[in-house]
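Structure first, then comments.
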Amino acid sequence: MGSGSVPSRFAGVDFYHIDSLLTEEERAIRDTVRSWVDDNLMPVIGQCYVDGKFPKQLIPGMAELGVLGANLPEEYGCAGLGNVAYGLIMQELERGDSGIRSFASVQGALVMYPIYAFGSEEQKKKWLPRLARGEDIGCFGLTEPDFGSNPSGMITTARETSDGWVLNGTKMWITNGSQATVAVVWAKTGDINDAKSIRGFVVPTDTKGFTGKDQKGKLSLRASDTAELHLEDVHLPKDAILPKSGGIKSPLSCLTQARYGISWGVIGAAMACYDEAVRYSKNRVMFGKAIGGTQIQQVRLADMLTEITKAQLLSLQLGRMKEAGTMTPQHVSMAKRNNVNMACECAREARRLLGANGILAEYHSMRHMANLESVYTYEGTHDMHSLILGQEITGLAAY
Amino acid sequence: MKIAVCLKRVPDTTTKIVVAGDGKSIDEAGVKFVPNPYDEYALEAAIAFKEKAGAGETVVYALGADVTQETMRTALAMGIDRGVLLQSPGSPDGFEVAKALAAEIRTGGFDLVLFGKMAVDDYNHQVGIMVAELLELPCISAVSALAIDGGAVTAEREVEGGVEVVTCQLPAVITADKGINTPRLPSLKGIMAAKKKPLELKPVTLGAGGVTVTALALPPERQAGKIVGEGPDAVPALVQLLRNEAKVI
């Protein structure tokens with residue numbers, strides 16, 4: 001896509017001098033990923049989105065930079081970063097595109113994290129360095145066609161045999177699903193009503209009976225690979241089970257990691273839209289003056305900047321709590337719910353400010369706007385996070 | 001192979017510059033500082049040579065205020081082994097800076113001393129060449145391709161209308177031009193590792209020097225464009241303006 005409308009380097013948005021709350025390393029990491037996105041992702045993302053293609057050629061570069069599983073320890077080939085640094089990486093990737101951030105989120109938080117948290121030492125040594133180097137691509141199979149917000153109801157089963165396990169079931173809306181070489185699949189090992197029997201399995205995708213099929217017709221996250229997984233009598237060895245996984249809490253703890261990253265990531269998308277809107281408002285002349293000089297656009301820009309700044313502070317404090325070990329899933333729900341909604345609003349307002357040009361892939365706001373509808377819905381919908389917070393406040397579950 | 005690289009901390013080239021109240025320096029408030037882009041070519045060359053040789057040491061030198069350490073850590077994150085900061089507020093006189101750097105580098109036993117061909121903040125093209133002179137070493141400036149073979153270097157320089165190929169014996173001073181390589185981004189692991197690499201601080205006192213900046217001004221604002229008309233009828237007016245006002249034809 002053309003680059004006439006976009007600056008070659010992104011300068012970020014920092015109205016409240018939040019940079020001063022970051023360490024020198026955190027800023028350096030953020031700036032490095034930002035440069036990488038400018039140089040590698042921005043030149044291709046518009047066309048990838050239009051073509052409905054994930055820019056696979058960027059995986060080695062992302063791996064070399066060290067963004068995959070960046071907050072996991074160095075002994076497994078990861079960068080061993082703190083959680084604020086990890087959040088800033090997600091922010092910069094999603095400044096480019098939510099689909100690219102989704103790829104990194106799934107690889108790091110939903111594939112590498114469960115292997116790290118619930119896997120045996122052998123599983124960790126086998127898989128984590130390969131996943132960090134991008135030599136293996138992972139996907140996470142939890143959601144099913146009829147069980148989205150209610151994953152405990154899943155009907156995928158894992159039956160123990162004399163020499164291992166047999167998995168059967170269908171998983172849907174699986175990011176990286178058709179290009180993955182390894183899947184972390186969640187299944188019930190006991191009765192279909194027994195959510196406590198949910199366990200995780202590491203499934204090489206070339207195992208007989210495993211198929212991943214692209215989901216066609218997406219109008220959102222078009223530069224991301226989303227697939228449906230079918231498991232038909234998939235035979236696995238005994239050591240395919242994640243030994244320390246147990247119950248729905250295990251996959252939910254992965255989602256907490258991923259949602260944490262999302263709460264940061266969407267700030268990047270919102271910053272990209274705000275940045276584009278500001279530039280456009282200063283250059284676009286209508287009725288003889290720049291539209292940035294009109295009250296209606298100034299209200300839009302003031303709202304965007306205010307909401308972005310609030311989200312930045314929310315995520316930074318959440319990150320410090322995660323580093324201190326005081327973060328709860330409910331804290332993450334608030335940040336995911338607030339920040340994704342904020343980013344959706346920014347993207348929509350930016351697209352409107354851009355007028356007719358705003359519908360073109362040459363600009364970024366409408367791509368972000370469409371992407372963010374998925375982000376609003378996945379990893380716990382906006383509504384589910386409202387109910388999680390409602391339960392936290394009242395002690396009463398409404399779901 | 002022991003290689004020194006000299007680095008300068010400069011304002012980001014995309015920064016909007018504001019002249020400070022004294023009328024001869026820039027207002028540093030809110031300005032982002034980066035390694036001088038030409039020095040990044042020098043850093044990349046040093047790291048790549050060491051990687052290729054499989055042994056040796058790379059050292060980054062800078063002269064500046066204490067905040068320069070942050071810029072130097074970028075070099076360490078890229079892969080340079082250690083750093084030495086000559087603590088001083090800096091100087092408008094390149095010769096004073098060159099004297100301080102040469103005094104420090106002289107005893108280091110370096111095979112190669114690398115610079116960027118110039119700093120993008122003052123465009124002086126001076127310090128690398130002056131350091132070579134002070135160290136009595138051969139100097140090849142504005143190098144766009146560089147190879148080491150045994151005890152000699154071969155360098156290419158882009159000259160008017162062609163390429164000049166130059167060789168000299170090591171030790172030598174080289175100043176790097178763009179085209180010599182593509183500087184790597186530091187990896188995230190590299191950024192974390194940079195924290196643990198040695199960065200030595202040495203106070204230095206510069207002489208007064210012979211050069212003083214007396215004024216610094218921004219370029220004049222661009223004038224708005226002028227539309228003289230449309231179609232063939234507008235041509236005579238356009239020609240007249242190009243000839244008499246813009247004086248380009």
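Each value in this text was obtained by applying a stated rule to the coordinates, not by laboratory testing. Just so we're clear, the structure is a prediction, and the values are computed from it rather than from any experiment. No Cβ is skipped: glycine too gets one built from the backbone with ideal geometry, and neighbour counts run over all protein chains shown.
Taking the Cα atoms only, what angle lies between the long axis of helix A:365-377 and the longest principal axis of chain A, rounded to 10 degrees? Result, in degrees: 30. The stretch B:138-162 and the stretch A:169-206 have Cα centres spaced 58 Å apart.
Applying the Karplus relation 6.51 cos²θ - 1.76 cosθ + 1.60 with θ = phi - 60° to the stretch A:39-51 yields 3J(HN,Hα) values of 7, 10, 8, 4, x, 10, 5, x, 5, 4, 5, 4, 7 Hz, where x marks Gly and Pro. Per-residue packing, averaged as other Cβ atoms within 10 Å, sorts the ranges A:107-118, A:294-305 into the order A:107-118, A:294-305, beginning with the highest.
Local charge for B:ALA246 was computed over the other residues whose Cβ lies under 15 Å away, with Lys and Arg +1 and Asp and Glu -1, and equals +3.
Each peptide in B:236-249, A:170-183 receives the mean, over its residues, of other Cβ atoms within 10 Å, and ordering these scores from highest gives A:170-183, B:236-249. For a straight C-alpha distance cut-off of 25 angstrom, the lysines reachable from B:LYS50 (same-chain residues fewer than eight places away being disregarded) are B:LYS2, B:LYS8, B:LYS117, B:LYS178, B:LYS189, B:LYS195, B:LYS196, B:LYS197. When DSSP beta bridges are restricted to pairs lying wholly in the stretch B:49-176, around 50% turn out antiparallel.
Bridgeable aspartates and glutamates around A:LYS213 (alpha carbons under 12 Å apart, same-chain partners fewer than 8 residues away excluded): A:ASP225, A:GLU228.
The antiparallel fraction among DSSP beta bridges confined to the protein assembly as shown stands at about 60%. In the stretch A:51-202, the DSSP beta bridges split such that about 65 percent are antiparallel, to the nearest 5. Protection proxy ranking of A:93-100, A:132-139, A:192-199, by the mean of other Cβ atoms within 10 Å over each peptide's residues and highest first, is A:93-100, A:132-139, A:192-199.
Each part gets one Cα centre, and for the stretch A:53-88 versus the stretch A:329-343 those centres are 23 Å apart.
Reported to the nearest whole Å, the Cα centre-to-centre distance from the stretch B:1-30 to the stretch B:107-126 is 16. 3J(HN,Hα) along the stretch B:210-219, derived from phi through the Karplus expression 6.51 cos²θ - 1.76 cosθ + 1.60 where θ = phi - 60°, amounts to x, 10, 10, 7, 9, 7, 9, 9, 6, x Hz, with x in place of Gly and Pro. Going from the residue with the fewest nearby Cβ atoms within 10 Å to the one with the most, A:TYR76, B:TYR123 rank B:TYR123, A:TYR76. In terms of distances greater than 29 angstrom between alpha carbons, the cross-link table entries A:LYS56/B:LYS16; A:LYS53/A:LYS322; A:LYS336/B:LYS32; A:LYS196/A:LYS322 yield A:LYS56/B:LYS16; A:LYS53/A:LYS322; A:LYS336/B:LYS32.
With the helix formula -39500 (n - 2.57) applied to DSSP H stretches of n ≥ 4, chain A reaches a computed 222 nm mean residue ellipticity of -15500 deg cm²/dmol. Coupling constants for the stretch B:183-200 follow from the phi torsions by the Karplus curve (6.51 cos²θ - 1.76 cosθ + 1.60, θ = phi - 60°), and in residue order they are x, 6, 7, x, 7, 5, 5, x, 5, 5, 5, 4, 4, 8, 7, x, 9, 8 Hz; glycine and proline get x. Per residue of B:188-200, other chain Cβ atoms within 10 Å of the residue Cβ number 5 on average. Axis of helix B:235-244 versus longest Cα principal axis of chain B: the two differ by about 60°, to the nearest ten degrees. Against chain A, whose longest principal axis comes from its Cα atoms, helix A:329-353 is set at around 40 degrees. Under a straight-distance cross-link criterion of Cα-Cα below 17 Å, which aspartates and glutamates are reachable from A:LYS188, leaving out those fewer than 8 residues away in the same chain? Partners found: A:GLU144, A:ASP146, A:GLU160, A:GLU232, A:ASP233, A:ASP239.
For the protein assembly as shown, the Cβ-based charge dipole about the Cα centre amounts to some 1040 debye (Lys, Arg positive; Asp, Glu negative; other atoms uncharged).
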